[in-house]
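Written below as structure tokens is the structure these notes are about.
The values are calculated or read from the model by the stated rules, or taken from the named source; none is laboratory data. Computed from a prediction, not measured in an experiment: that's the story for all the values here. Note that each Cβ is placed from the backbone with ideal geometry, even for glycine, and that neighbours are counted across all protein chains shown.
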Number of protein chains: 2
Amino acid sequence: MIKKNAAKVGQQRDGETEQRILEAARTVFVRSGTSGARMQEIAEEAGVNQALLHYYFRSKEGLSQAVFRDAAGKMFPAILRTLGSDLSVDEKIDALVETYLDNVSRTPYLPGYILSELHYHPERITQVLGNITGTPEGGHIPETVRPLFDKLDRQLAEEARAGRMRKINSQQFVVNLLSLCVFPFAARPMLRAVLGLDDDAFARFIKERRKELPQYIRNAMRP
Amino acid sequence: MIKKNAAKVGQQRDGETEQRILEAARTVFVRSGTSGARMQEIAEEAGVNQALLHYYFRSKEGLSQAVFRDAAGKMFPAILRTLGSDLSVDEKIDALVETYLDNVSRTPYLPGYILSELHYHPERITQVLGNITGTPEGGHIPETVRPLFDKLDRQLAEEARAGRMRKINSQQFVVNLLSLCVFPFAARPMLRAVLGLDDDAFARFIKERRKELPQYIRNAMRP
DNA sequence: GTCTATATTGTGATAGAC
DNA sequence: GTCTATCACAATATAGAC
């Protein structure tokens with residue numbers, strides 16, 4: 001109901017400007033971190049004035065939360081959905097490795113940003129992950145996620161009982177899976193410096209991983 | 001030759017004050033990140049005045065570099081030494097998992113700090129890792145580290161030839177190893193929130209990992 | 001070496017015109 | 001909705017006494 005007269009000079013229809021600001025903010029926050037980023041830098045990146053950032057997002061805190069929420073909203077739901085699905089264990093491994101590596105390859109600096117944010121602002125996890133996991137206000141996330149891990153535990157137990165896998169608990173299983181997928185991106189600057197991987201070489205490195213990782217992980221749990 | 005008359009009031013002998021400042025800085029930088037940290041906060045943590053930080057380290061930049069150099073100097077050399085040693089592949093796996101998990105358990109927030117620093121200040125990698133790896137001024141780190149990976153590649157090729165392992169290249173091998181060791185610490189705040197792991201539960205989680213990881217990794221490469 | 005006081009710049013945020 | 005101008009304070013850094 002608000003934005004009428006969109007034809008008037010200097011006005012943009014819809015949330016176009018807001019969106020441009022949000023994307024600029026993502027770029028800058030991902031590059032410099034929440035405290036390292038400057039509102040001025042974001043304004044320039046978006047091609048607008050600094051005051052406009054405050055008009056749309058009120059404060060730096062508000063803007064950075066919006067960015068983090070978006071970023072986390074891209075990564076976590078997909079992972080949780082896969083882990084909680086009705087796929088078999090083997091299929092979950094395949095699905096997670098493929099979708100994660102494919103998706104993140106397009107935004108390779110996101111994992112580093114997210115892990116850093118979680119490290120320096122752990123209080124944000126609850127806010128953001130609470131929504132994502134559907135945890136009620138003031139609730140405890142682990143309780144909401146519990147059913148997912150319980151289900152995984154049953155699947156893993158059944159595989160072990162049938163002699164198809166060694167016994168492993170769901171937490172270690174998930175952490176192993178995530179470690180092998182996420183770490184190479186989070187440590188990308190290190191790999192670039194130590195192994196000399198430029199953008200192309202890194203992309204090839206990930207492509208190779210995408211092929212070998214499922215086999216690697218399944219093998220690791222053979223009886 | 002400088003510090004005489006150490007008995008005089010207000011003076012400390014040796015680098016005691018400098019050391020206290022450095023430790024305080026480590027605490028604060030690891031907790032808040034380089035740009036998030038405040039010199040005032042560090043001064044308080046060290047129990048000295050803010051001007052003293054500049055007396056010893058000239059600038060915030062200087063202090064943060066000193067902290068990062070120390071932190072990286074704790075992690076990387078041990079890893080590189082193990083990987084480049086004369087141990088067999090199996091022994092390297094054991095050694096790296098054990099020493100890494102044991103050492104880092106004492107400073108569990110260091111990996112998150114180091115990865116974040118590398119993400120937001122990739123230029124520091126060259127400065128610091130150059131020294132650690134013994135790369136000459138202006139040299140390229142990968143060339144210095146190359147022999148280490150070449151040696152690993154020969155070992156892995158020999159294992160494959162003898163039918164004891166599947167073929168895997170040294171880069172993927174090392175990244176897998178590091179992923180499984182480092183990620184749980186780097187993602188600790190996330191694991192705390194999602195899995196509900198408090199300090200004790202996390203310590204147990206790592207202890208279990210220390211036991212199972214070598215077997216997991218060896219298994220993953222079985223033919 | 002260590003302190004207090006202060007200079008100086010950076011930076012988030014707001015007021016108000018258009 | 002978007003801009004320019006400016007405020008208010010935070011934060012690094014330095015001067016100089018002790």
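Considering A:Pro111, A:Pro142, the condition of being surrounded by fewer than 18 Cβ atoms within 10 Å (Cβ to Cβ) and either within 11 Å of chain B (Cβ to nearest Cβ) or touching a His at 6+ places or on another chain (Cβ under 7 Å) (or both) is satisfied by A:Pro142 alone.
Tell me, which residue of region A:46-98 that is among the hydroxyl-bearing types (Ser, Thr, Tyr), assigned to a helix (DSSP H, G or I) and in contact (Cβ under 8 Å) with a residue 24 or more places away in the chain is nearest to DNA strand D (Cβ to nearest atom)?
Initial filter on region A:46-98 (among the hydroxyl-bearing types (Ser, Thr, Tyr)): A:55-56, A:59, A:64, A:82, A:85, A:88.
Filter again for assigned to a helix (DSSP H, G or I), leaving A:55-56, A:64, A:82.
Then keep just the ones that are in contact (Cβ under 8 Å) with a residue 24 or more places away in the chain; that gives A:56, A:64.
On the way: A:Tyr56: 7, A:Ser64: 15 Å.
Per the stated criteria, the residue is A:Tyr56.
The single condition among (1) loosely packed, with under 13 Cβ neighbours inside 10 Å; (2) over 21 Å from the mean Cα position of the chain (by Cα) that B:Asn169 does not meet is (1).
Based on this model, can you work out whether A:Ser59 counts as over 24 Å from A:Phe202 (Cβ atoms), within 13 Å of DNA strand C (Cβ to nearest atom), modelled with pLDDT of 95 or more and within 14 Å of chain B (Cβ to nearest Cβ)? Show your work before the answer.
Details: over 24 Å from A:Phe202 (Cβ atoms): yes; within 13 Å of DNA strand C (Cβ to nearest atom): yes; modelled with pLDDT of 95 or more: yes; within 14 Å of chain B (Cβ to nearest Cβ): no.
It is false that A:Ser59 is over 24 Å from A:Phe202 (Cβ atoms), within 13 Å of DNA strand C (Cβ to nearest atom), modelled with pLDDT of 95 or more and within 14 Å of chain B (Cβ to nearest Cβ).
Here B:Ile168 passes the criteria (1) touching a residue at least 12 places away in the same chain (Cβ under 8 Å); (2) at the interface with chain A (Cβ under 10 Å from one of its Cβ atoms); (3) in a helix (DSSP H, G or I) except the one numbered (3).
Taking the conditions (1) over 21 Å from A:His121 (Cβ atoms); (2) in a helix (DSSP H, G or I); (3) within 12 Å of DNA strand C (Cβ to nearest atom) in turn, B:Gln40 satisfies each one other than (1).
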